[in-house]
Amino acid sequence: QVQLVESGGGLVQAGGSLRLSCAASGRTRSGKSVAWFRQTPGQEREFVAVISWSGGSTHYADSVKGRFTISRDNFKNTVYLQMNSLTPEDTAVYYCAAGNFYGIATHEKDYDYWGQGTQVTVSS
């Protein structure tokens, strides 16, 4: 089992920045890609970004490309999501997810472990 805990959410003004962290514990030795998803009330969970186990491959949703950066520190078992130039449309609960594979995937069903989520609110 793998446990994921997100942190770093909060309230920020439009144009501001936040950095989310996803700390993993448990069976983290085997390769796991990690992604961020987000969800607003009444909407389906939306893919945001993913990073491969090695960190060598990343992929972003078009809506965040150029503004968000995903990275990882495998020594710390932590994945980060740096979010810049935030807009009110980025307001959501952000979840990190880990999958038992090494590459890139963008669908919820590909991921085996999920955190509890962290709220990000961007005011206009």
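The values are calculated or read from the model by the stated rules, or taken from the named source; none is laboratory data. Values in this document were obtained by computation on a predicted structure and should not be read as measured data. Backbone-built Cβ (ideal geometry, glycine too); neighbour counts: all protein chains shown. Surface accessibility is based on the protein's heavy atoms, side chains included, excluding ligands, DNA and RNA. Shrake-Rupley method; radii C 1.70, N 1.55, O 1.52, S 1.80 Å.
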Is there a residue in region 67-79 that is touching a residue at least 24 places away in the same chain (Cβ under 8 Å), basic (K, R) and surrounded by 14 or more Cβ atoms within 10 Å (Cβ to Cβ)?
yes
Which members of region 21-49 meet the condition of being part of a strand (DSSP E or B) and either in contact with a Ser or Thr (Cβ under 6 Å, 6 or more places away or on another chain) or of a type in the set (G, A, S) (or both)?
S21, A23, A24, S25, G26, S33, A35, F47, A49
If I go through region 50-77 residue by residue, how many of them are farther than 19 Å from V120 by Cα and not in a loop (DSSP other than H, G, I, E, B)?
5
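Taking into account only those residues within region 44-57 that are open to solvent by 50 Å² or more (accessible area, probe 1.4 Å) and without any contact (Cβ under 8 Å) to a residue 24 or more places away in the chain, which is farthest from E6 (Cα to Cα)?
Ranking the candidates gives G56 first.
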Any residue that is of a type in the set (V, I, T), at negative phi and open to solvent by 30 Å² or more (accessible area, probe 1.4 Å) - is there at least one of those in region 16-38?
no
Among the residues of region 1-56, which ones are modelled with pLDDT under 95, within 16 Å of the chain's Cα centre (by Cα) and among the basic types (K, R)?
K32
